[in-house]
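Below you'll find the structure, written out as structure tokens, and then a few comments.
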Protein chains: 2
Amino acid sequence: MSRSNPRVLSTLERAGGFASAQEVYKLMQREGEKIGLTTVYRSLQSLVNDKIVDLLRREDGEAIYRLCGEHHHHHLVCKSCGETVEIEGGAIEKWAKSMAEEHGFRDVGHTAEIFGICSKC
Amino acid sequence: MSRSNPRVLSTLERAGGFASAQEVYKLMQREGEKIGLTTVYRSLQSLVNDKIVDLLRREDGEAIYRLCGEHHHHHLVCKSCGETVEIEGGAIEKWAKSMAEEHGFRDVGHTAEIFGICSKC
DNA sequence: ATGGAAATGAAAATCATTTTCATTTCTGCT
DNA sequence: AGCAGAAATGAAAATGATTTTCATTTCCAT
Ligand SMILES: [Zn+2]
Ligand SMILES: [Zn+2]
Ligand SMILES: [Zn+2]
Ligand SMILES: [Zn+2]
């Protein structure tokens, strides 16, 4: 396992904490950083392992990486500008738990995201 | 736009209503059906457009297609065998709506899935 | 039957991601 | 400083799903 190259994390931050590997790579190129695409991929993977960033998927399946607080939470995302608000999911947590119990499922997790258009857009 | 080849839908049903394009294709091959991979892709896309199947993503980003009732609902999925239960999301609907309002978002939608291990597994 | 539209599928193209592997950089030790 | 092994790096090739191209076939209405 390789450690994350700190410039990758820093670039992801600069990108608004929300970008694909290809985007991070292109951004670093434009800014004159000398780095290989492979290292960008490896660093982002490593950040995901360390739970420093979330890995999710665009509609087309491309992986996007998002900087992320440490506790369990959900997101409210602007479909237009990408602005992301971390929100608490109290109601979801209970819903997931009760639904799982009702149907006899164990070891349950869940995903929940809200997306729309933010007030600025 | 092309119409969906009915044998594709029928195969997806036979697969348990849950498969990737590649899997549907391989299954049809094994069963001696004469069909091209391109047609399988086109048919599945068309079924998604018509909202007859859901399109979601495996962890690795591969698209999987799932037969699906017609009204808005959520899913409880077994990570082991893939068994899927359609569930109502009353609590989620309210949560999503209130969170969105609270942060000034409009045109909001949401996704929510619960996954765990079913009682059989 | 006939002409145009829709469907089909083989092959090539695309594109994100992973793998390979040789080279470079780092680290601890003498 | 000098050296050895470990870790990091990145260019190029490989992979694999999905899309595009395009020529051919099937349908359908007249
Ligand atoms: Zn916005
Ligand atoms: Zn939650
Ligand atoms: Zn199961
Ligand atoms: Zn809902």
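Quick notes on this one:
- One residue alone among B:119, B:98, B:46 is in contact with a Ser or Thr (Cβ under 9 Å, 6 or more places away or on another chain) and of a type outside the set (A, V, I, L, M), and that residue is B:46.
- Those helices (runs of 4 or more DSSP H) lying entirely in segment A:6-121 with at least 3 residues within 11 Å of another protein chain (Cβ to nearest Cβ) and of a type in the set (D, E, K, R): A:90-102
- Taking segment B:1-20 as the range and being farther than 15 Å from residue B:46 by Cβ and in contact (Cβ under 8 Å) with a residue 40 or more places away in the chain as the test, the residues that pass are B:13, B:16, B:17, B:18, B:19, B:20.
- Residues of segment B:96-114 classified as touching a Leu at 6+ places or on another chain (Cβ under 7 Å) and without any contact (Cβ under 8 Å) to a residue 40 or more places away in the chain, total: 4
Each row is one residue, and each column tells you yes or no for (1) of a type in the set (Val, Ile, Thr); (2) touching a residue at least 24 places away in the same chain (Cβ under 8 Å); (3) away from ligand 2 (no atom under 16 Å from the Cβ).
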| position | (1), (2), (3) |
| --- | --- |
| A:22 | no, yes, yes |
| A:61 | no, no, yes |
| A:69 | no, no, no |
| A:86 | no, no, no |
| A:94 | no, no, no |
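- Hey, residue A:98 farther than 23 Å from residue B:98 by Cβ and away from ligand 1 (no atom under 16 Å from the Cβ) or not: no
- Filtering segment A:24-43 to residues that are hydrophobic (A, V, I, L, M, F, W, C), free of Cβ contacts under 8 Å to residues at least 40 places away in the same chain and within 21 Å of residue A:58 (Cβ to Cβ) leaves A:27, A:28, A:37, A:40.
- Hey, residue A:100 at pLDDT 85 or above and more than 17 Å from the chain's Cα centre (by Cα) or not: yes
- The listed residues are A:84, A:38, and the only one of them that is away from ligand 3 (no atom under 16 Å from the Cβ), among the polar types (S, T, N, Q) and surrounded by 19 or more Cβ atoms within 10 Å (Cβ to Cβ) turns out to be A:84.
The values are calculated or read from the model by the stated rules, or taken from the named source; none is laboratory data. Fair warning: this is a prediction, and the values are worked out from it, not measured in the lab. With ideal geometry, Cβ positions are generated from the backbone for all residues, glycine too; neighbour counts draw on all protein chains shown.
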